[in-house]
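Novice: Next up is a structure, given as structure tokens.
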Amino acid sequence: MIGWQNYLVVCGLPALLAGSAGIWLFYVQHQFEDAYWENGESWSYADAALKGSSFLKLPRVLQFCSGNIGYHHVHHLSARIPNYNLQRAHDENPMLQAVPTLSLWDGARAVTLKLWDEETQRLVSFGHVRRSARA
């Protein structure tokens with residue numbers, strides 16, 4: 001009725017933007033500099049939930065539009081808490097407030113972190129590895 005080109009512009013572009021934002025939100029909440037990475041016997045469920053995912057502090061409008069996705073660490077600890085109670089759970093439990101906190105700027109910088117450095121126990125960028133190799 002409207003043509004496939006117009007359909008793609010009207011429906012495809014917003015879907016692409018929303019999907020990209022969703023992927024970014026998920027990525028930065030698990031891939032940040034001080035993320036928890038363990039395997040085998042030293043892995044802990046509670047540590048993975050509280051140190052392996054972050055609190056992404058979003059402006060109120062983005063917090064609302066994303067369904068409180070910034071409180072992802074609470075979800076990891078208990079997936080049964082509905083999104084409208086995630087902030088309350090975070091605010092009422094000091095243990096949940098001690099998780100790594102990221103700003104939007106920290107999230108933008110986290111996109112470059114791709115490699116786990118065994119020596120420093122941190123995620124690093126390819127640029128960091130190149131600089132270290134030259135030194």
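Novice: With springs only between Cα atoms under 10 Å, which of 62, 86, 113 fluctuates most in a Gaussian network model of the chain?
Specialist: Of 62, 86, 113, the Gaussian network model singles out 62 as fluctuating most.
Novice: Where does each of 77-83, 38-44 land if you order them by average Cβ count within 10 Å, highest first? Don't jump to the answer; show the numbers that get you there.
Specialist: Values: 77-83: 12.0, 38-44: 8.9.
Ranked by mean Cβ neighbours within 10 Å, highest first: 77-83, 38-44.
Novice: I would also like to ask the following. For the stretch 1-112, what does the accessible surface come to per residue with a 1.4 Å probe? Please give it in Å². Spell out each step's value before the answer.
Specialist: Values: 7390 Å² over 112 residues.
I get 66 Å² per residue for this part.
Novice: Could I ask something else about it? Report Rg(Cα)/(2.2 N^0.38 Å) for the chain, keeping two decimals. Write down the numbers at each step before the final one.
Specialist: On the way: Rg = 18.0 Å, N = 135, 2.2 N^0.38 = 14.2 Å.
That ratio works out to 1.27.
Novice: Let me ask something else. So what does residue 47 come to for accessible area, using a 1.4 Å probe and Å² rounded to 10?
Specialist: 50
Novice: Let me ask you something else. Please list the non-local residues whose amide H lies under 5 Å from the amide H of residue 52, H modeled 1.01 Å from N, same-chain partners needing a gap of 5 or more.
Specialist: Amide H neighbours of residue 52, under 5 Å, 5+ apart: 36.
The values are calculated or read from the model by the stated rules, or taken from the named source; none is laboratory data. This one's a predicted model, so the numbers in the text were calculated from it and none came from an experiment. Note: ideal-geometry Cβ built from the backbone for every residue, glycine included; neighbour counts use all protein chains shown. Only protein heavy atoms, including side chains, enter the accessible area calculation; ligands, DNA and RNA are left aside. Shrake-Rupley method; radii C 1.70, N 1.55, O 1.52, S 1.80 Å.
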